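One structure is given here, and the rest of the page talks about it.
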Amino acid sequence: MAPRDNTDAILGLSAVALRDRLATGALRSVEVVEACLARIARTEPEVGAWAWLDGDAAVEQARRLDQVRLSGRAIGPLHGLPIGLKDIIDTKGIPTENGTPIDAGRVPAEDAWIVARLKAAGAIILGKTVTTECAFMHPGKTRNPHNGAHTPGGSSQGSAAAVAAGMVPLAIGTQTGGSVIRPASYCGVVGMKPSFGLIPRSGILPQSPFLDTVGVFGRSVEDCALLAEVLAGHCPKDPATEPVPMPRMLQVAQSAVPVTPMFAFVRPPGYDSAAPEMKAALEELAEVLGEQCFEVPLGGFDDVAAHRQRINFAEMAKCYYGLERRGRDQMSEVLKAALDEGKAVLARDYLAALDWRKLMVAALDEIFERCDAILCPAAPGPAPEGLDSTGSAIFNGLWTLAGVPAVTLPVFTSENGLPMGVQLVGRPGDDARLLRTARWLAAHLETLNPED
């Protein structure tokens, strides 16, 4: 194992910085993997981020990749970087148990599309991160790295916690309601939910095909851009994806903004339920941005949460039919209740709910004519105390239904010392521009608070 001081120095680097050092040979992949494993050995007992981990296999992957670089052969954009994968993403020869005892011991015969893409890019599959039961609401074992008495969020709880604890530089999750943005906010990392259909979902447990979106976690906006760019693409097995040129997200994210960005501060439905300190932080941020931020009402969206849930539960009842038949008695009460509610949804109401995406995008387009990004809370406040709930997705589900990209930045700290995130939302398909705007905001706030 790498010495502790070297471990901390390596893991203090961003994924982009690690990638650059690995490409030049300033660092070896084995060193990075061993640093990750050393950190995991120290922190995993308290955090519980991993559902499956094989350190020996990861080190062996790293050795092979180091030999590839030394041979002078071309290397990929993620060459030698360890990645954590949410345990609903199929991995050939590696357990993928979907957070449920019904699938205990399940080992896929094929990789998910994004796993094949990761391997082709030179990434190392460090392990599988904990998910809530079937990526729904019943929590897994993971605790918040900042305070183990608090939830890390869900359903991508292991992925967010692993990055926050420094166990891995990058991780992948999914979002059907708020399962990327919320845990990123609670755990104090950058999270990105891209535009619907940007990243293929083939080989990933489907819960709600109209809503399911692959997302990424990193320590910086650039880290998320790096990973999302590699994952974006077209897969014929996923009809949500299209055979179109993919955006150069990292290059755009790292570029200078042509003009100072404009932000639209919105108070989404449920804003009254936000913690006073979250409201105060957002309103202070809007004030600090001054003329670069204006407030705009978000009218007509009050029923969006109900429509999103109707779609989610109806499609989940269909997608989880096989799981339910094999082991309903092994499901949590919250999952069974959602499946029963989904079975009762009328076709008329389900189809009407689907229409809301177009209506929302049209309404939001008027706002985006005047701004570069919408600014709003990523979660109601800091991570709630207790591990029986993963918190509220009230400020995330509407953007998931709309299919628009969203990024959360960990720029606030609550009175009890826990992180809180601000959420930035962009036009559908404008992922690269949103990342550039988010990077500008993060850098701008750092200049205002250099001690942070």
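Using the 10 angstrom Cβ neighbour count as an exposure proxy, how do V214, V244, V345 rank, fewest first?
Exposure proxy ranking, most exposed first: V244, V345, V214.
Mind listing the phi-derived Karplus ³J(HN,Hα) values for segment 66-79, rounded to whole Hz, using 6.51, -1.76 and 1.60 with θ = phi - 60°, and x for any glycine or proline?
Those phi angles translate into 5, 5, 4, 5, 5, 6, x, 6, 4, 10, x, x, 10, 4 Hz.
Using the Cβ atoms and a cut-off under 15 Å, what net charge is assigned to the surroundings of S71, where Lys and Arg are +1 and Asp and Glu are -1?
Once positives and negatives cancel, what remains is +4.
So what J values fall out for segment 27-44 if you push phi through Karplus, 6.51 cos²θ - 1.76 cosθ + 1.60 with θ = phi - 60°, rounded to Hz, Gly and Pro as x?
For segment 27-44, the Karplus-derived couplings read 10, 9, 4, 4, 4, 5, 4, 5, 5, 4, 5, 5, 5, 4, 4, 7, 10, 4 Hz, x marking Gly and Pro.
Report, ordered by chain and residue number, the lysines lying within cross-link reach of K119, taken as a straight Cα distance under 21 Å and ignoring same-chain residues fewer than 8 apart.
K86, K92, K128, K237
At 25 °C and 0.890 mPa s, what whole-number value in µm²/s does Stokes-Einstein give for the translational diffusion of segment 134-175, with Rh from the Kirkwood sum over Cα pairs?
The estimated diffusion coefficient comes to 235 µm²/s.
Going by amide H atoms built from the backbone, whose H comes under 5 Å of the H on A51, apart from near neighbours?
When sequence neighbours closer than 5 places are left aside, the close amide H contacts are K128, T129, V130.
If you look at just the Cα atoms of segment 304-353, how large are its Rg and its Dmax in Å?
Rg and Dmax of segment 304-353, Cα atoms, are 11.1, 33 Å.
Based on the Cβ-Cβ distance of A9 and A362, what FRET efficiency does E = 1/(1 + (r/R0)^6) give at R0 = 51 Å, to the nearest 0.05?
0.55
Output the relative contact order of segment 304-432, whole-number percent, from Cα pairs under 8 angstrom with separation of 6+ residues.
This gives 25 percent for segment 304-432.
Using each residue's phi in segment 84-98, evaluate 6.51 cos²θ - 1.76 cosθ + 1.60 at θ = phi - 60° and report the 3J(HN,Hα) Karplus result to the nearest Hz, with x for Gly and Pro.
So the Karplus estimates, Gly and Pro as x, are x, 10, 4, 7, 10, 9, 5, 9, 4, x, 10, x, 9, 9, 6 Hz.
Fewest Cβ neighbours within 10 Å first, please rank M167, M246 accordingly.
M246, M167
In vacuum, with every alpha carbon of segment 1-142 counted as one equal point scatterer, what does the Debye formula give for log10 I(q)/I(0) at q = 0.09, 0.13, 0.14, 0.15 Å⁻¹? Two decimals, please.
Result of the Debye calculation: -0.29, -0.59, -0.68, -0.77.
Over segment 20-141, what is the relative contact order in percent, taking alpha-carbon pairs closer than 8 angstrom and at least six residues apart?
29
At a threshold of 8 angstrom on Cα-Cα distance, excluding pairs fewer than six apart, so keeping six or more, what relative contact order does the chain reach in percent?
17
What ranking do E97, E333 get, fewest neighbouring Cβ atoms within 10 angstrom at the top?
By the 10 Å Cβ count, ascending, the order reads E333, E97.
List the residues whose amide H sits under 5 Å from the amide H of T174, counting only those 5 or more places along or on another chain, with H placed 1.01 Å from N in the peptide plane.
Placed amide hydrogens put S156, G215 under 5 Å from T174.
Can you compute the FRET efficiency between L351 and K237 using 1/(1 + (r/R0)^6), with r the Cβ-Cβ distance and R0 = 30 Å? Round to the nearest 0.05.
0.80
Charges only on Cβ, +1 for Lys and Arg, -1 for Asp and Glu: so what's the dipole of the chain about the Cα centre, in debye to the nearest 20?
1380
Suppose only helical runs count, i.e. DSSP H with n ≥ 4. What mean residue ellipticity at 222 nm does that imply for the chain under -39500 (n - 2.57) per run, divided by all residues and rounded to the nearest 500 deg cm²/dmol?
Helix contribution divided over all residues of the chain: -12500 deg cm²/dmol.
Please find the FRET efficiency linking V107 to Q330, where r is the Cβ-Cβ separation and R0 is fixed at 25 Å, and quote it to the nearest 0.05.
Between V107 and Q330 the formula returns 0.85.
Checking the a/c ratio against 1.5 first, then a/b against b/c, what shape does the Cα gyration tensor give for segment 115-261?
Oblate, since a/c reaches 1.5 and b/c is not below a/b.
Report the extension gain between V244 and A280 in nm, rounded to one decimal, defined as 0.36 nm multiplied by the number of residues separating them, less their alpha carbon distance.
Fully extending the segment from V244 to A280 adds 8.8 nm.
What is the log10 of I(q)/I(0) for the chain, computed with the Debye formula using one identical point scatterer on each Cα and no solvent, at q = 0.06, 0.10, 0.12 Å⁻¹?
Per q value, in the given order, log10 I(q)/I(0) is -0.23, -0.66, -0.97.
Every number in this text was worked out from the coordinates using simple rules, so none of it is lab data. None of the values given here were measured: they were computed from a predicted structure. A quick note on method: Cβ atoms are made from the backbone with ideal geometry, for glycine too, and the neighbour counts reach across all protein chains shown.
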